[in-house]
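Scroll down for the structure; my scribbles are underneath it.
The values are calculated or read from the model by the stated rules, or taken from the named source; none is laboratory data. Quick caveat: nothing in here was measured; it's all calculated off a predicted structure. Positions of Cβ are backbone-derived with ideal geometry, glycine not excepted, and every protein chain shown enters the neighbour counts. Just the protein is used for accessible areas: all its heavy atoms, side chains included, with ligands, DNA and RNA removed. Shrake-Rupley method; radii C 1.70, N 1.55, O 1.52, S 1.80 Å.
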Amino acid sequence: DIDPRLRPRMLFVSLPLSGKEKPPRRFTTDTRDREEPALDRIVPEDPNVPYDMNQVISRIVDDADFFEIMPAFARNIIVGFGRLEGRTIGVIGNQPTQLAGCLDIDASVKAARFVRFCDAFGLPVVTLVDVPGFMPGVAQEHGGIIRHGAKLLYAYAEATVPKLTVITRKAYGGAYDVMASKHLRGDVNLAWPSSEIAVMGAKGAVEIIFRGMPAEQQEKEVARYERLFTNPLTAARRGFIDDIIEPRQTRHRLCQELD
């Protein structure tokens, strides 16, 4: 663990002295050409099996150096600072190992505040998306999930810093929209081949649309839905993403887009 006395220093060296100055840039020997073959295998084939988004982040940023902010609060979303070719960036990512990466009230507020903080100091925001939706439940509804979820939507929509988004797996419904999607003026939106951009998962969608249909026919519709939406091609054709990239090339592409 990081010594608590060092944490303020790590935060200080990541930020400019004021919002009027350019973000600091540190010399690094970690070039953009470094590929990470491990990223090609990090997303499990079973969409219900979680993986650690921290491992994705550490393989993308310079020297695997990532300074996470508030790691013990709203663990289903990760926020923190990293660097790409020496330039400081803000990183936001859904955490599939916690609540399957769903957005709840605390996660929405945590991410919204971080986006606005990065915007105030001129830090580019890189968003890694694997979100199956907003957290359901009476407690979330009574707590104001719509109101708090809208804070994240407005934070991304109003931010003027570069916004780069990478969809790693699930990108479902309204939660996909608020995670720096093209609909919120994301500057660059990329997707891995494993990404699924849809209203909801195949089984849930078929149970709603074809309710009352025989089970055998529903299974055929599930297969058809998966064929159409469990890949990023439909979203790409409609202009919702800019490119489909190999996971190992994520770092190179992000560095390229920041130039």
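Considering only residues that are in contact with a Leu (Cβ under 8 Å, 6 or more places away or on another chain), modelled with pLDDT of 95 or more and either farther than 22 Å from residue 179 by Cβ or surrounded by fewer than 21 Cβ atoms within 10 Å (Cβ to Cβ) (or both), which ones fall in segment 31-61? Working first, answer last.
Within segment 31-61, the first condition is being in contact with a Leu (Cβ under 8 Å, 6 or more places away or on another chain), and the residues that meet it are 32, 53, 56-57, 59-61.
With the extra rule that they be modelled with pLDDT of 95 or more, the set shrinks to 53, 56-57, 59-61.
Listed by number, the residues that qualify are 57, 59.
Residues that are within 20 Å of residue 94 (Cβ to Cβ) and either touching a Gly at 6+ places or on another chain (Cβ under 7 Å) or open to solvent by 10 Å² or more (accessible area, probe 1.4 Å) (or both): which helices (runs of 4 or more DSSP H) entirely in segment 142-253 hold 1 or more of them? Before the answer, list the steps.
Working: elements: 145-158, 173-178, 202-209, 215-229, 233-237.
So the answer is 145-158, 173-178, 202-209, 215-229.
Going by the conditions given, is residue 95 without any contact (Cβ under 8 Å) to a residue 60 or more places away in the chain, within 15 Å of the chain's Cα centre (by Cα) and open to solvent by 40 Å² or more (accessible area, probe 1.4 Å)? Before you say what the answer is, go through the steps one by one.
Working: without any contact (Cβ under 8 Å) to a residue 60 or more places away in the chain: yes; within 15 Å of the chain's Cα centre (by Cα): yes; open to solvent by 40 Å² or more (accessible area, probe 1.4 Å): no.
Judged against the criteria, residue 95 is not a match.
Which of (1) out of contact with any Lys or Arg (no Cβ under 9 Å at 6 or more places or on another chain); (2) buried (at least 18 other Cβ atoms within 10 Å of the Cβ) is the odd one out, the single condition residue 71 does not satisfy?
Only one criterion is unmet by residue 71, namely (2).
Answer yes or no as to whether residue 164 is of a type in the set (A, V, I, L, M), touching a helix residue (DSSP H, G or I) at 6+ places or on another chain (Cβ under 8 Å) and at pLDDT 95 or above. Give the derivation first.
Working: of a type in the set (A, V, I, L, M): yes; touching a helix residue (DSSP H, G or I) at 6+ places or on another chain (Cβ under 8 Å): yes; at pLDDT 95 or above: yes.
Yes.
Scan segment 69-87 and report the pairs whose first residue is within 25 Å of residue 258 (Cβ to Cβ) and at pLDDT 95 or above and whose second residue is open to solvent by 10 Å² or more (accessible area, probe 1.4 Å) and β-branched (Val, Ile, Thr), with Cβ atoms within less than 6 Å and a gap of 6+ or a chain change.
Taking only residues 6 or more apart or on different chains, the pairs are 79/69; 80/69.
Of all residues in segment 132-156, how many are within 30 Å of residue 86 (Cβ to Cβ) and either at pLDDT below 95 or not small (Gly, Ala, Ser) (or both)? Give the derivation first.
Quick first cut of segment 132-156, residues within 30 Å of residue 86 (Cβ to Cβ) only: 152, 155-156.
Narrowing further to those that are either at pLDDT below 95 or not small (Gly, Ala, Ser) (or both): 152, 156.
Qualifying residue count for the region: 2.
Anything in segment 71-108 that is over 17 Å from residue 13 (Cα atoms) and basic (Lys, Arg)? List them, or say none.
75 - this is the single residue of segment 71-108 that is over 17 Å from residue 13 (Cα atoms) and basic (Lys, Arg).
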